[in-house]
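Below is one structure, written out as structure tokens, with a few remarks after it.
The values are calculated or read from the model by the stated rules, or taken from the named source; none is laboratory data. Predicted model only: the values in this text are computed from it and were never measured. Because the Cβ atoms are built from the backbone with ideal geometry, glycine has one as well, and the counts that use them run over all protein chains shown. What goes into the accessible areas is simple: the full protein's heavy atoms, side chains included, and nothing from ligands, DNA or RNA. Shrake-Rupley method; radii C 1.70, N 1.55, O 1.52, S 1.80 Å.
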Amino acid sequence: GTAVPTNNYWAKGSIVWKTDVAAGGSPGWVCTTAGKLGTLTVGITNATTTVNITGGTTWTMSGWEIGDEILIPGAGVAAADLTTTITGISVSGSTFTVANAASTTVVGVTATHGTETAVFKAMPNLAA
């Protein structure tokens, strides 16, 4: 690839090689923390567990699964972040359910995998 991965599950030690590597540059990236990558633009209404995907991305394209942890910024008590678990996916792919209801309504926020997020580090630069 030409950039750090942005979706799917990655095991610790996974290597992604750059396709545009140059002398003096990094040849790629190494996964240093296992987990998933990916974001969803979502909205959730106070006291509900149904999350709407609002950014035009359908569920099938996102790489998320039932059982994944999700962090929804601002949807918790006093607008804190809500970290919960995905418990269901709609057939249409435009909504999903979570284990904990939102305490604050949010629209158009970027949700992430929370503590299950993979971490990549660039490999050392090659000799010139």
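With a cut-off of at least 1 residues that are more than 30 Å from residue 128 (Cα to Cα) and touching a residue at least 40 places away in the same chain (Cβ under 8 Å), name the strands (runs of 3 or more DSSP E) lying wholly within region 1-115.
8-10, 35-37, 40-44, 50-53, 69-72, 95-98, 106-111
On the given criteria, is residue 114 over 27 Å from residue 31 (Cβ atoms) and either open to solvent by less than 50 Å² (accessible area, probe 1.4 Å) or small (Gly, Ala, Ser) (or both)?
Judged against the criteria, residue 114 is not a match.
When you look at residue 64, is it modelled with pLDDT of 90 or more, surrounded by 14 or more Cβ atoms within 10 Å (Cβ to Cβ) and under 14 Å from residue 8 (Cβ atoms), yes or no?
Spelling it out, it is not the case that residue 64 is modelled with pLDDT of 90 or more, surrounded by 14 or more Cβ atoms within 10 Å (Cβ to Cβ) and under 14 Å from residue 8 (Cβ atoms).
Evaluate the following for residue 56: is it at pLDDT 90 or above and surrounded by fewer than 14 Cβ atoms within 10 Å (Cβ to Cβ)?
Answer is no for this residue.
Checking the conditions here, which among 122, 101, 79, 128 is surrounded by fewer than 18 Cβ atoms within 10 Å (Cβ to Cβ) and modelled with pLDDT under 85?
Matching residue, one of 122, 101, 79, 128: 128.
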